[in-house]
Amino acid sequence: MAPARLQARPTPELIPPPEVRGVVPLNLGAQRDGLLYVPLRHPLGGPRPLLVACHGAGSEASHSIRPFMDAAEERGLLLLACDSRAATWDMIHGGYGPDVTFIDRALQQVFSRYAIDPSRLALDGFSDGASYALSLGLANGDLFTHLLGFSPGFLNPAAQVGRPQIFISHGTSDRVLPIDRCSRVIVSQLQQAGYDPHYVEFEGGHTVPPQVQQQALNWWLGTALEGNS
């Protein structure tokens, strides 16, 4: 089995709405763990979309969840974010391994407790997390239907499995990961590999403007619903 392959799979059968809501620790790791966010107000009827978020280098799960919490309340999304085992993701250190194992355990926990819509299962990330989300997602396109990369640096997929839909954004003034060496190259690589990424450039630096995040969410949920029609 390829080291980047995830084994967890959702079971979308109806499950009663969860009793525990808000920010829920995974309790899978002693020092670096992860978080699930379950909307406080949304009724959560039926299988829900799940957004799995990968943080940037030196960051943590809470930083990945916070920007999406309002959208989760409005749209009934579940948010899952894991801490990388080290300061950044295993693939960036040289190979897939402990982070893949941890993400798989986290997904198994979520899938066993919540009804997740398998047609609206997205993997997203920012910066190093975007590089990881795109690379890991391409190797697990039979699980993740959508990949969202905000200001990624590079691609390093262990395999290409399935046909996930892909959204990429990048600031034209990014000095951390310059757009010419990063997203413009990545988009070309994806196109050469047969994908059709939805690509957004914006005026700004190494960030995710709120309007770009909103555009990404609309794209994800809109294309998922179109695929079901």
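Rounded to the nearest 500, the 222 nm mean residue ellipticity of the chain from helices alone is -9500 deg cm²/dmol, with -39,500 (n - 2.57) taken per DSSP H run of at least 4 residues. Restricting to bridges with both residues inside the chain, how much of the DSSP beta-bridge set is antiparallel, in percent to the nearest 5? If I count the DSSP bridges inside the chain, around 25 percent turn out antiparallel. Protein heavy-atom accessible surface, 1.4 Å probe, per residue over the range 2-46: 60 Å².
Among residues other than HIS55 with Cβ under 10 Å from its Cβ, the summed charge is -3 (Lys and Arg +1, Asp and Glu -1).
When the Cα gyration tensor is reduced to axis lengths a ≥ b ≥ c, the ratio a/c is 1.5 or higher for the range 1-136, and with a/b above b/c it is classed as prolate. Within the chain, the longest segment free of exposed loop sites, counting trypsin sites (Lys or Arg not before Pro) that fall outside DSSP classes H, G, I, E and B and have at most 13 other Cβ atoms within 10 Å, spans 42-174.
At a probe radius of 1.4 angstrom, the accessible area of the range 157-229 per residue rounds to 54 square angstrom. For GluC sites (Glu not before Pro), the sites in the range 18-101 that DSSP calls loop and that have at most 12 other Cβ atoms within 10 Å are GLU19. Using equal-weight Cα scatterers in the Debye expression, the normalised intensity of the range 172-226 in log10 at q = 0.17, 0.19, 0.20 Å⁻¹ is -0.66, -0.79, -0.86. On a per residue basis, the range 107-153 carries 18 Å² of accessible surface, using protein heavy atoms and a 1.4 Å probe.
A cut-off of 5 Å between modelled amide H atoms, ignoring neighbours fewer than 5 places along the same chain, links ALA159 with ALA139. Summarising the overall dimensions of the range 26-104 from its C-alpha atoms, the Rg and Dmax are 13.5, 43 angstrom. Expressed as a whole percent, the accessible surface of the chain that belongs to carbon and sulfur atoms is 51, based on a 1.4 Å probe.
The values are calculated or read from the model by the stated rules, or taken from the named source; none is laboratory data. Since we're looking at a predicted model, the values are computed, not measured. As a convention, Cβ positions derive from the backbone with ideal geometry for all residues, glycine included, and neighbour counts pool all protein chains shown. Accessible surface areas use protein heavy atoms only, side chains included; no ligands, DNA or RNA. Shrake-Rupley method; radii C 1.70, N 1.55, O 1.52, S 1.80 Å.
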